Amino acid sequence: MNKHELLGKILNDVRDDMTDEDLIHKLIEDKISFSDTGRESFGQKASDKMAAFAGSWTFIISFTLVLIGWIIINALVLTRAFDPYPFVLLNLVLSCVAAIQAPLIMMSQKRQEEKDRQRAENDYKVNLKSEIILEDLHRKLDAILEKIDN
């Protein structure tokens, strides 16, 4: 892959008639940035917040307390329990929570994976840009040292 092809990956407006010096100056001037639209839908925001909350100790502790409370209330009020042992209603509620929570967390993970992919691509471009600039500096330094030796 030649220099123009590599730079074409980084910069959108590389022309074949550009000299090496023009390419280096273009590289230095152009900024590589993370392309994030910043416009998230209500569902995307909700799935991110749900995943953040569901993966926290606050959720685990509060959910455990609710489960213990549910079981204690229904175990102590044996004659008038709204969900007597074996807690069929509790199992139904837990299944519904899991059925709703799992797809939301998966959507959030998918969005995070896309962000990570874009970040990795951006890092690659930055590293490639730095490598090309360093190669040019090295070539110029070699030329200067060669002139000094002569």
Q.
Which numbered condition in (1) over 30 Å from A54 (Cα atoms); (2) under 24 Å from the mean Cα position of the chain (by Cα); (3) charged (D, E, K, R) is the only one that R117 fails?
A. (1)
(Q) Tell me the residue from L134, L92 that is under 30 Å from the mean Cα position of the chain (by Cα), modelled with pLDDT of 85 or more, more than 30 Å from E40 (Cβ to Cβ) and part of a helix (DSSP H, G or I), please. (A) L134
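Listed here are the residues, each with its yes/no results for (1) surrounded by fewer than 12 Cβ atoms within 10 Å (Cβ to Cβ); (2) touching a Phe, Trp or Tyr at 6+ places or on another chain (Cβ under 9 Å); (3) of a type outside the set (S, T, N, Q); (4) modelled with pLDDT under 90.
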residue: A46; (1), (2), (3), (4): no, no, yes, yes
residue: A52; (1), (2), (3), (4): no, no, yes, yes
residue: F59; (1), (2), (3), (4): no, yes, yes, no
residue: D83; (1), (2), (3), (4): no, yes, yes, yes
residue: Q101; (1), (2), (3), (4): no, no, no, yes
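The values are calculated or read from the model by the stated rules, or taken from the named source; none is laboratory data. Quick caveat, the model's predicted, so the values are computed rather than measured. With ideal geometry, Cβ positions are generated from the backbone for all residues, glycine too; neighbour counts draw on all protein chains shown.
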